[in-house]
Amino acid sequence: MHAPTPNGIRFDAIFPTVLEPGPLRDRIEEAWQSIKAGLITGVSVGYRVLEGGIQILKSGGRRFTQTEICEVSLVTVPANVYATIDVIKSLDSAYLAASGPIPSGVPDHSKVFGAPKGAKRMTTQEQISQFENSRAAKVARMGTIMADATDATLPDDKREEYDGLSLEVKAIDDHLVRARELEKYQAASATRILPGPGPRDVGSVPVVRVKSNVPLGTAFVRAACAKLVCNGNLHEAAEYAKRWDASTPEVSLYLKAAIAPGTSTDATWAGPLVNPGIANEFLELLRPATILGKIPGLRTVPFNTKVPSQTAGGTYGWVGESKPKPVTKLAFAADTLSMTKAAGIIVLTEELVRLSNPSAEDLVRRDMIAGIAQFLDAQFIDPAVAAVAGVNPASITNGAPTAAATTNPLADIVGLISHFATNNIGVDGVTFIMSAANALSLAFRTNLDGTPQFPGVTINGGTYKGLTFVTSQAAGANVIALQPALVLYADDGGVTIDASREASLQMDSAPASPADATTVYVSLWQTNCVGLRAERFVNWKRANANAVKYLTATAWPAPSGAAAEPPTTSRAAH
């Protein structure tokens with residue numbers, strides 16, 4: 001250990017060299033390689049308080065004035081973000097370059113060109129680099145041997161060493177010819193990796209982000225609560241959010257970006273450079289919680305844009321010699337998804353918003369997700385939800401064909417599939433939405449030999465013979481089948497958050513509109529509460545009238561104990 005300084009205490013650590021093959025050497029090599037590769041960058045300091053070296057503060061905290069450092073251990077994420085490794089030195093780099101990596105248990109590794117069994121395979125480029133380094137070291141050693149020669153000939157031991165190195169250099173040269181040839185073949189057959197879609201545009205350049213291991217949505221919740229604590233003052237909120245810089249530095253960056261000059265927040269200019277996408281993080285967390293996030297293959301379209309679809313095909317038939325051919329035409333339609341929004345207000349106490357402990361933070365996260373998720377699920381599949389112009393879309397089941405369920409789930413599922421086939425709609429990717437109880441009934445059903453009748457289906461959904469099963473309590477007694485490719489879906493890709501302490505609210509999930517004399521309002525200021533309003537622009541629509549069909553009054557019975565048990569067999573001796 002070095003002497004303490006205002007910038008901290010520096011220390012030197014040395015890894016021992018263990019020559020004997022075995023687990024100890026493997027662990028030391030793994031730790032050293034992890035440090036060099038940057039996988040382990042921090043340290044944890046163990047200490048004990050010396051006598052008289054503790055002060056009790058008025059706040060109840062403790063201040064240590066005299067301590068003794070007992071140990072320093074390697075960790076990937078230190079509790080103190082400043083306890084890091086900043087310099088790495090290797091005393092045997094020349095030897096390692098000449099010899100290559102040392103596989104445990106191999107005594108003469110300098111003559112082993114392949115990787116040891118069970119080791120991670122090197123890429124062709126890594127092999128070329130390793131052998132080039134090894135060749136350079138061997139050639140340098142050959143030059144040293146010749147330079148030290150005092151007579152016209154070399155001593156026997158030097159001659160043997162030189163000749164051995166010469167043979168190894170020739171072997172490496174032959175191997176490098178093959179490796180470089182292989183590299184050319186690999187380059188010629190390589191597939192170009194195209195940039196993936198960005199949050200708002202297709203084909204944007206992918207961005208590599210390093211994130212902490214806090215639960216998804218934490219940054220969004222902290223940003224919202226920082227605004228609340230600071231009464232909407234973004235400058236103060238950015239300073240308040242610095243307390244979380246160790247785990248979520250993007251929160252303060254996001255709040256600072258909101259008060260930067262106009263071009264810094266312009267989505268077409270520098271916005272992507274400074275805006276870490278806090279709202280998108282919350283949306284990623286919300287989507288898997290809703291039916292919309294579980295259904296694969298929905299046809300995503302932009303808002304207020306006509307989307308053409310073919311509603312009827314041409315007429316074709318056999319034509320005899322010299323007979324007139326039928327004239328046919330196609331029928332097309334166009335759908336447009338306007339901008340509709342789902343919104344809600346969550347009321348929290350001042351104490352909860354200040355996030356005094358991690359459990360309060362988690363409570364805020366779950367509270368913000370649950371309401372929107374439950375609402376969107378019901379609106380998406382509830383047959384009673386009709387479209388209201390300029391307000392909300394109709395559910396995908398509103399006006400869709402329906403049928404009564406039977407007690408035979410397999411026959412019901414086949415019947416729904418037949419609906420799509422009869423209407424010339426592809427059955428690939430058809431998705432079923434049902435309650436957890438009905439999904440569990442499918443999971444319990446077995447064939448006569450005891451094997452599952454619907455393997456892959458659980459209480460949480462699953463897949464079966466190319467079909468996708470999604471569970472949601474919003475489905476109730478309905479079992480809904482849909483072709484996702486024929487369901488249009490538009491999403492703005494973000495959540496807007498506003499907050500108020502002074503508003504007066506109708507504390508009702510269905511507020512009166514317009515308000516009348518009987519309407520009761522509650523003052524947030526008077527009750528020491530904060531209102532958090534979340535808005536999300538989203539819309540959907542069936543592109544084909546037969547894209548959805550659902551069963552009603554579905555209550556598939558669970559198999560009886562006798563039917564569920566595998567048949568008993570007996571053996572007779574002959």
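Please treat every number below as a calculation from the coordinates, not as lab data. Since the structure is predicted, the reported quantities are computational estimates derived from the model, not experimental observations. All Cβ positions, even for glycine, are placed from backbone atoms using ideal geometry, and neighbour counts span all protein chains on display.
Over its Cα atoms, what ratio of radius of gyration to 2.2 N^0.38 Å does segment 512-558 give?
In units of the 2.2 N^0.38 Å rule of thumb, it is 2.28.
Could you tell me the center-to-center distance, by alpha carbons, between segment 449-525 and segment 10-54 in angstrom?
Here the two parts' Cα centres lie 50 Å apart.
Any idea what log10 I(q)/I(0) is at q = 0.14, 0.24, 0.25 Å⁻¹ for segment 1-94, Debye with uniform C-alpha scatterers and no solvent?
Results for segment 1-94 at q = 0.14, 0.24, 0.25 Å⁻¹ read -0.68, -1.38, -1.43.
Only counting other Cβ atoms within 10 Å, I'd like Ile128, Ile28 sorted with the fewest neighbours first.
Fewest-to-most ranking of Ile128, Ile28: Ile28, Ile128.
Taking amide hydrogens as modeled 1.01 Å from N in the peptide plane, which residues meet the under 5 Å criterion relative to Thr446, leaving out close sequence neighbours?
Amide H neighbours of Thr446: Gln453.
Order 453-461, 41-49, 376-384, 247-255 from most to least packed using the mean count of other Cβ atoms within 10 Å.
By packing density, highest mean first, the sequence is 247-255, 376-384, 453-461, 41-49.
Here are some pairs, Lys306/Lys341; Lys36/Lys138; Lys294/Lys541; which of them have Cα atoms lying more than 23 Å apart in this structure?
Over 23 Å apart, Cα to Cα: Lys36/Lys138.
Which ordering of Leu488, Leu440, Leu19 is given by a fewest-first count of other beta-carbon atoms within 10 Å?
Least to most surrounded, the residues fall as Leu19, Leu440, Leu488.
Sort Asp508, Asp492 by Cβ crowding within 10 Å, fewest neighbours at the top. Let's see the in-between values first.
Numbers: Asp508 10, Asp492 18.
The most exposed by this proxy come first: Asp508, Asp492.
One-quarter of the Cα convex hull surface for segment 123-188, in nm²?
Taking the Cα atoms of segment 123-188, their convex hull projects to 4.7 nm² on average.
Give, as a single signed number, the net charge of other residues whose beta carbon lies under 15 Å from the beta carbon of Ile413, with Lys and Arg counted +1 and Asp and Glu -1.
+2
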